[in-house]
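Peer 1: Below is one structure. I have some questions about it.
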Amino acid sequence: MVKDVNLPYLSKKSRGGRVYWYFRRGEKYVPLPGNPDSREFQARYWEIRSGTLRPQIKTTFEALIVSYYRSPAFTSKADGTRREYRRTLELIREKNGSADFTKLRRRDVIAARDRYADTWRKGNAMVEMLSILSRHAIDLEWITANPAHGVEKLKGGEYEPWPEDKLRAFENYCRNNELEWELTAFMLATQTGQRIGDVLKMEWSQFDGSFIEVEQEKTGARLWVACPTALKEYLASLSRTGRFIIAQNLTRGLSKRALQNRVQAVRDAISARAYVIHGWRYNAAVALADAGCSDSEIQAVTGHNTLAMVQKYRSHANQKRLSATAQARRNGPKT
């Protein structure tokens, strides 16, 4: 140890090319953060020297989130899922990093949810991430119960397919205003039934004129999706200006956020704010169900892991068809 002459009780030690600072009184060493020029260092030093130092908390939100990022429960997830999780986890980390996670209570989870009541998906994501962190904290034996368990999610509706008039309005607006990126995303999503993140990753090399190869980011599934005639004709009309079908330049595709902003501008222009991009995937599945495709055939296009969501799409198509059949019976001859 080398004693620093400027401040009493201050010592430093070099290890592996790095300098570590300590407050030393007798045989007791207390580590200090950063270097003596930093505000954090000075604040910590005077806390220790004045006797007002509070014990360091080891079970902070910061420590738990860092631990979760390193766990197989996080690292084994798809890239898109990890990015989605990080958005909410970093928000939690920013607001609560130094707080003690073991003090989290159910009322705190509800308050975090309700803070985003106007954007229900963000509120529900907050509940989901706090529950995931709680399960990780249980694994670390920090806590014994999950305070987020059973907290009711906010009701904000579900993704809906776009009505036919809004689909046509979107397409016509893009064509009339030469909005190629927006129109290409619309055509690929509504014709292949893929998520918009997967649409933006589609490359020309994956399109053979009849099929387009897709590796779904969320599920990891690799699909060959047959392209309907309308999509094949549209893609044949495009200039290949880069590696990606929706190309920002020769090597880069357009970002998801950039496309969302552009699509939102069109939605505003055609009074379609009630409908979101993910609804195009729903439109593709419903169109397949309307055409009489089986659940397995729809699943082969959309790539859903389970048939539960496929059956949800089919129920939408069936309801419309059954309504027409029922009214036809009503208008038929009386018996």
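The values are calculated or read from the model by the stated rules, or taken from the named source; none is laboratory data. Here the structure is a predicted model, which is why all the values come from computation and not from measurement. Virtual Cβ from ideal backbone geometry, glycine too; neighbours counted across all protein chains shown. These area figures cover heavy atoms from the full protein model, side chains too; ligands, DNA and RNA do not enter into them. Shrake-Rupley method; radii C 1.70, N 1.55, O 1.52, S 1.80 Å.
Peer 1: All but one of (1) surrounded by fewer than 21 Cβ atoms within 10 Å (Cβ to Cβ); (2) under 22 Å from Tyr282 (Cβ atoms) hold for Ala258; state the number of the condition that does not hold.
Peer 2: Against the list (1) surrounded by fewer than 21 Cβ atoms within 10 Å (Cβ to Cβ); (2) under 22 Å from Tyr282 (Cβ atoms), Ala258 comes up short only on (2).
Residues are listed down the side, and each one gets a yes or a no for (1) touching a residue at least 60 places away in the same chain (Cβ under 8 Å); (2) within 15 Å of Gly193 (Cα to Cα):
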| residue | (1), (2) |
| --- | --- |
| Ala230 | no, yes |
| Gly242 | no, no |
| Leu254 | yes, no |
| Leu259 | yes, no |
| Arg262 | yes, no |
| Ala265 | no, no |
| Ala269 | yes, no |
| Val276 | yes, yes |
| Arg281 | yes, yes |
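Peer 1: In the range 30-123, which helices (runs of 4 or more DSSP H) lie fully inside it and hold 1 or more residues that are at pLDDT 90 or above?
Peer 2: Output list reads 61-70, 72-75, 79-96, 106-114.
Peer 1: Filter the range 132-169 for residues that are open to solvent by less than 60 Å² (accessible area, probe 1.4 Å), over 25 Å from the mean Cα position of the chain (by Cα) and of a type outside the set (A, V, I, L, M) and give the result.
Peer 2: Across the range 132-169, the qualifying residues are Pro163, Lys166.
Peer 1: Kindly indicate which of Ala265, Ala272, Ala289 is in contact with a His (Cβ under 8 Å, 6 or more places away or on another chain) and either among the hydrophobic types (A, V, I, L, M, F, W, C) or surrounded by fewer than 21 Cβ atoms within 10 Å (Cβ to Cβ) (or both).
Peer 2: Going through Ala265, Ala272, Ala289 in turn, the sole match is Ala289.
Peer 1: Of the residues Trp204, Trp224, which is among the hydrophobic types (A, V, I, L, M, F, W, C) and either closer than 15 Å to Gly80 by Cβ or open to solvent by less than 50 Å² (accessible area, probe 1.4 Å) (or both)?
Peer 2: Of Trp204, Trp224, the one residue that is among the hydrophobic types (A, V, I, L, M, F, W, C) and either closer than 15 Å to Gly80 by Cβ or open to solvent by less than 50 Å² (accessible area, probe 1.4 Å) (or both) is Trp204.
Peer 1: Kindly indicate whether Gln191 is more than 21 Å from Thr81 (Cα to Cα), touching a strand residue (DSSP E or B) at 6+ places or on another chain (Cβ under 6 Å), open to solvent by 30 Å² or more (accessible area, probe 1.4 Å) and of a type outside the set (A, V, I, L, M).
Peer 2: Judged against the criteria, Gln191 is not a match.
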